[in-house]
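Taking it in order: structure first as structure tokens, then the write-up.
What follows is calculated from the coordinates using simple rules that are stated; it is not laboratory data. Just so you know, these numbers come straight off a predicted model, no measurement behind them. Virtual Cβ from ideal backbone geometry, glycine too; neighbours counted across all protein chains shown.
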Amino acid sequence: MNDKHDGTVAATGGASEIQQRRVQVAQRRKKIDNDASAQYIQVCDHSFFYGSAQVLFDLNMDIPERQVTALIGPSGCGKSTLLRNFNRMNDLIDGISHRGDILIDGRSIYDPYLEVISLRKRIGMVFQKSNPFPKSIYENIVYSLRVAGRNRRAELDETVERSLRAAALWDEVKDRLRETAFSLSGGQMQRLCIARAIANRPEILLMDEPCSALDPVATGKIEDLIHQLKEEYTIIIVTHNMQQAARVSDRTAFLYMGRLIEYDDTETIFTNPTEEQTEAYVSGRFG
Amino acid sequence: MTKQQPLKTIPERFVVRPATLWFDRFMNYFITVGGLSIIIAVSLIFVFILLQVLPLFRGARVEPQGTFRVPGDDYVVMGTDEWSELPFFVNRRGELIFVDTVDPGGPDHRPPFTQTPAWLDEVEVSVVAYNAFRSQLLYGTSDGRFATVDVQYEATFPERGGREVSVQLRETPLMRISPAEVPVQRLAYGNSGNQAIVAAMQQVHDRYELHAVSLVQQRTLLGDGELSVDRSYDLSEHLDGKPEHLLVPSDADGVLIGMDDGRVSYLHFDGHEFHKRQMFVPFRDLDDRRIVSMDFLLGDVSLVFTASCGANRIFSLYRDPQRDARVWGHTKTFPDLERGASFYSAAMRNKAFLIGGGHIASLRYATTESVRWEEALPFWITHAALGPRYDRMLFLDDQYTLHCYRLNDPHPQAAWRTFFGRIQYEGQSAPEFAWQSTGGRDDFERKLSLVPLILGTLKGTFYAMIFALPIALLAAIYTSQFLRPEMKRFVKPVMEIMASLPSVVLGFLAALWLAPIISNAVPSVLLAMGAIIVAALVVGYLWGLLPQRIRVQLKPGYEFLAFVPVMLLVAYAGWQLGFVAERHWFVVEDPSTGLQIADFRLWFPYATGLGFEQRNAFVVGFVMGFAVIPIIFTITEDALSNVPEAFRSGSLALGASRWQTAIRIVLPTASAGIFSAIMIGLGRAVGETMIVVMATGNTPVTEFNPFTGMRTLSANIAVELPEAPYLGTLYRTLFLGALVLFLMTFLVNTVAEILRQRLREKYRAVE
């Protein structure tokens, strides 16, 4: 599991070094292709730029299947950017570029022959602020089915019930599915967004500080939900809340200034981190 | 009162500067006052327009002015001068008695005085008729001769002020009209300047004879010479009963004979011969068909009839499509009078007439079939005259008292149906909506229907929106949802510059440059447009079929690079194909030469029966679209871009395509803003003036044919207001048009705002 690469080297080398890196990436890819027991998501020498500003520096990490991986770090460390790279949501932003690669199940998400849409169908996402559409609860959940052209009534009904039950919201809203989603409370809305994200049965669930706008009770419900969801989904969660990371995640990655400082089992990170910066951050001395 | 505790001094850093407070308070009031004054200003504009319009709908006001004694006699004719100051009466002997109605008891007041034509002593007058329009009396004698006598009023304006009206008679010599030396019983005269005819009815023993003569007038460089008889006609063969009424229109192109059994014979005179053209019975449906009165309205193309029961109808001369000739037909019906009219006087400025009998006097307006004023007066009326300036009414009663009434009716033509209803104007074959505010003749009647203008406004708006809406909305969706942000930074300001193009420039381009091009190549323009639409769909579909390895060559947001050349090519092909299509399909045969001509401009009217004009709604829609597109585009684009990014990301993260996201999430969420954009664009199109004035031809038509022009309410105001006399009927009608425009936009905006609020409520984003 401690597949730690020397990814913190700054990309300052000349052309030959870049060439060399490319060869390394290609080799790694080949190895992964051959290795049946490879990690589910692999981040390989991944750098990311907004225009000329580099925000991610040669990240390398392997994320296991059906576990919760938390990304922690102070504001601006690039954890949200990394999360949004998994389903290429950053494509919407002007002037971005990247180096290195991210592989899911051995296939690059930057593969030009991969439809971004199909990638996103595979990866659900829950945003920091709940963002239900201005539609009914029912229509919110079946949205991903409708855009795929699946309009069979029975399937939609089945999906709504399954998703809402999985998001622990069914009992609260089953009688008002036709009401606008805006009639829900903040915590309910966020669970609705989770239900919506899993309606199409993705494999991976990205969560970008899902509880930051919620009160402790609602947060508790969401955390319980994450525990249940990891049975079925690979979850990557960005959080500012150290306790939350400790409570919900199996693995934790600490990012600082665009670099992956430490990535290990959550327990290790919080009790016995290798790096001093990690220790300082998780103990609350900075950040 | 207890002594106040001294306040703890506040440290200076907590003190608010008085200027800050003062300024804050001032701005508060200033903004309130500013806002209120805008509301007040708009209301005042509305009130002002309303005040300009309201007098249109006021009826005639009549008030007594004075009474005068008239020497007792048996009068047959009453007439008056332009100012109604010196009316006259003609007695059976043919003498004219003038009565001064100015300043009774004053030093300049003249007692009634008599004037006579020079030859009156030598003849015995058997009939006198008066034509008020020419201020001309017609005398018939008991030995079968006739003469005209002009009553020439002359006004002088002495230095001491006021006005002095003097009168002078100018008579022609007596001329023989019929060989029979028996009394002339009915006499009528018409003179168009080119030809003149006189018709006379006589009774020879127990047979009625009708004779007519055409007159010639010697014209020299020194002026008009004497009238003399040119040819004589015996029209007695056309009489088969007792003629009661005889009229000759001022055009001298016919004779109208009203028989005592209710029939009217219309003999047409072509300059050489009389032909019987029509026989009609005005009161065919009544038990008593007899005609009590039959008189001309101003212009002599309408006849006002009354029957003994009091029925009052107007027949007008218009072209009968079946007979291809101008014949008389029933056009107007008025409320019944108490009995047949015993007096009648037509207005000389409009289509009003004063009619009545006994105590009843009624002022009616022919065009609108309305009664402007009707009253039972406290005296028995024997004669009446309507002042030539339409400002006085004079009545003579059976006690020889002349009653003067002041008439205040500045807008007799104005009525609800004038502006919004179908009206059969004189000369028209059917009632229609018509706007025509000026004409070539003095007796021309304005046609003031606002319906063609309202329809023109809707037509212009419709064609502008049909063109602008799809383009503006699709462009906005594309720009905000698909275009790369770096391109968007360039596209949006360019579109906004388009909005700043002065509409007069657009109108100028449309009228002088675009209209000829489009009218030369209508099939090409249509084909090019159609080709673009079809190609957009086909290319879009084919693009989806292309292998992915080719598609990924283009980054999302740059697809237009592949698309634009295809579009240009297709549009060019459509343009060229248009000419081919025109050569093959839009061919008409020239009826005079038999040649085949390939020209859409000729083919369209030939094939559809509709008109084709160079400056048409198609061109206007196209150019007005240019004025409207930037407005709709900018506001829509803003509305779409203001949709919270969270909705977009949410949708995209769920695996929706950009198009699905735009249509299913962004568009509904922005619908309130898009709706206002459309409404603001609509408002611009409705109120747009300059483009329409310049590029439509301003013909007030009532059809939605894209290849004819129109006249909109706003263009109408711009075109006509400089020509409209201040506070006149036209002036106020233009304000009525403005009011209609105001109400139209007000209505649209109100409905739009209500709907917009609903939409906003429905798609309100949670905060």
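Across q = 0.10, 0.11, 0.18, 0.20 Å⁻¹, the stretch B:456-569 modelled as identical point scatterers on its alpha-carbon atoms has Debye log10 I(q)/I(0) values of -0.44, -0.53, -1.24, -1.37, in the order of the q list.
Backbone phi angles across the stretch B:447-464, fed through the Karplus curve with coefficients 6.51, -1.76 and 1.60 (θ = phi - 60°), yield HN-Hα couplings of 10, 10, 6, 7, 4, x, 6, 5, 5, x, 4, 5, 5, x, 4, 4, 6, 5 Hz in residue order; Gly and Pro are listed as x. Put simply, the C-alpha atoms of the stretch B:289-418 give a gyration tensor, and the ellipsoid matching it has half-axes of 26, 17, 12 Å, longest first.
For chain A, the relative contact order is 24 percent, taking Cα pairs closer than 8 Å that sit 6 or more residues apart in sequence and dividing their mean separation by the residue count. Taking the charge dipole of the stretch B:460-762 about its Cα centre, with +1 at Lys and Arg Cβ atoms and -1 at Asp and Glu Cβ atoms, the residue from B:Val552, B:Ile717, B:Leu755 reaching farthest to the positive side is B:Val552. Here the contact order of the stretch B:289-418, divided by its residue count and restricted to Cα pairs under 8 Å and six or more residues apart, works out to 16 percent.
Could you work out Rg/(2.2 N^0.38 Å) for the stretch A:84-162, with Rg from alpha carbons only?
Values: Rg = 15.4 Å, N = 79, 2.2 N^0.38 = 11.6 Å.
Expressed relative to 2.2 N^0.38 Å, the Cα Rg reads 1.33.
Among the GluC sites (Glu not before Pro) within the stretch B:232-302, those in coil by DSSP and having at most 16 neighbouring Cβ atoms inside 10 Å are B:Glu273.
If you keep only loop residues by DSSP, which trypsin sites (Lys or Arg not before Pro) in the stretch B:120-171 have at most 16 other Cβ atoms within 10 Å of their Cβ? Loop-located and lightly packed - B:Arg134, B:Arg160, B:Arg163. When the Cα gyration tensor is reduced to axis lengths a ≥ b ≥ c, the ratio a/c is 1.5 or higher for the stretch A:45-104, and with a/b above b/c it is classed as prolate.
Whole-Hz Karplus values for the stretch B:583-588 come out as 5, 8, 10, 9, 10, 10 Hz, taken residue by residue from phi with 6.51 cos²θ - 1.76 cosθ + 1.60 and θ = phi - 60°; glycine and proline positions read x. Can you tell me how chain A classifies by the Cα gyration tensor, rounded, prolate or oblate, using a/c under 1.5 as the rounded cut? Verdict is prolate for chain A. The shape of the stretch B:355-508 can be summarised by an equivalent ellipsoid whose semi-axes, obtained from the alpha carbon gyration tensor, come to 61, 15, 13 Å from longest to shortest. For the pair B:Phe462 and B:Arg93 in one chain, pulling the backbone fully straight at 0.36 nm per residue adds 125.9 nm over the alpha carbon distance. Relative contact order for chain B: 9 percent, from Cα pairs under 8 Å spaced at least 6 residues apart, divided by residue count. Relative to the first principal axis of the alpha-carbon coordinates of chain A, what is the inclination of helix A:186-198, with its axis defined by its Cα atoms, in degrees from 0 to 90 and to the nearest 10? With both axes taken from Cα atoms, the answer is about 70 degrees.
Checking the a/c ratio against 1.5 first, then a/b against b/c, what shape does the Cα gyration tensor give for the protein assembly as shown? Before the final figure, lay out the partial values.
Values: a/c = 3.89, a/b = 2.68, b/c = 1.45.
Prolate shape, in that a/c is at least 1.5 and a/b is the bigger ratio.
Reported to the nearest whole Å, the Cα centre-to-centre distance from the stretch B:688-767 to the stretch A:250-287 is 70. In the calculated pair-distance distribution of the stretch B:680-738, the portion above 19 angstrom amounts to 34 percent of the Cα-Cα pairs. Under the rule that an exposed site lies in a DSSP loop and has at most 15 other Cβ atoms within 10 Å, name the longest stretch of chain A with no GluC sites (Glu not before Pro) of that kind, not counting the sites themselves. Longest gap between qualifying sites, sites excluded: A:1-64. Here each label is just a point 7 Å from Cα along the line to Cβ, and for B:Ser308 and B:Gln203 those points are 1.7 nm apart. Among A:Phe254, B:Phe14, B:Phe746, B:Phe283, a tally of other beta-carbon atoms within 10 Å of each Cβ gives an order, fewest to most, of B:Phe14, B:Phe746, B:Phe283, A:Phe254.
List the chymotrypsin sites (Phe, Trp or Tyr not before Pro) within the stretch A:72-127 that DSSP assigns to loop and that have no more than 12 neighbouring Cβ atoms inside 10 Å.
Details: sites: A:Phe86, A:Tyr110, A:Tyr113, A:Phe127; in loops: A:Tyr110, A:Tyr113, A:Phe127.
In loop regions of the stretch A:72-127 (DSSP not H, G, I, E or B), the sparsely surrounded chymotrypsin sites (Phe, Trp or Tyr not before Pro) are A:Tyr113.
By the rule of a C-alpha distance below 23 Å, with chain neighbours fewer than 8 residues away ignored, the lysines paired with A:Lys221 are A:Lys129, A:Lys174, A:Lys230. Summarising the amide proton neighbourhood of A:Met125: residues at separation of 5 or more, or on other chains, whose placed amide H is nearer than 5 Å comprise A:Leu206. Each residue of the stretch B:66-77 in turn: what ³J(HN,Hα) in whole Hz from Karplus with 6.51, -1.76, 1.60 and θ = phi - 60°, glycine and Pro shown as x? Values per residue, Gly and Pro as x: x, 10, 9, 7, 10, x, x, 6, 9, 8, 10, 9 Hz.
Among B:Tyr266, B:Tyr400, the order by Cβ neighbours within 10 angstrom, fewest to most, reads B:Tyr400, B:Tyr266. Considering only B:Val623, B:Pro644, B:Phe675, the residue lying farthest towards the positive end of the dipole of the protein assembly as shown is B:Pro644, judged by Cα position with unit charges set on Cβ.
Net charge dipole, chain A: roughly 940 debye, given to the nearest 20, about the Cα centre with Cβ charges of +1 for Lys and Arg and -1 for Asp and Glu.
Taking the helices alone, chain B has a mean residue ellipticity at 222 nm of -11500 deg cm²/dmol, built from -39,500 (n - 2.57) per DSSP H run of at least 4 residues and averaged over all its residues. Annotation: the residues B:Ser250, B:Ser228, sorted from fewest to most other C-beta atoms within 10 Å of their own C-beta, follow the order B:Ser228, B:Ser250.
Amide H contacts for B:Glu374 (H built 1.01 Å from N in the peptide plane; partners 5 or more residues away or on another chain; cut-off under 5 Å): B:Leu363.
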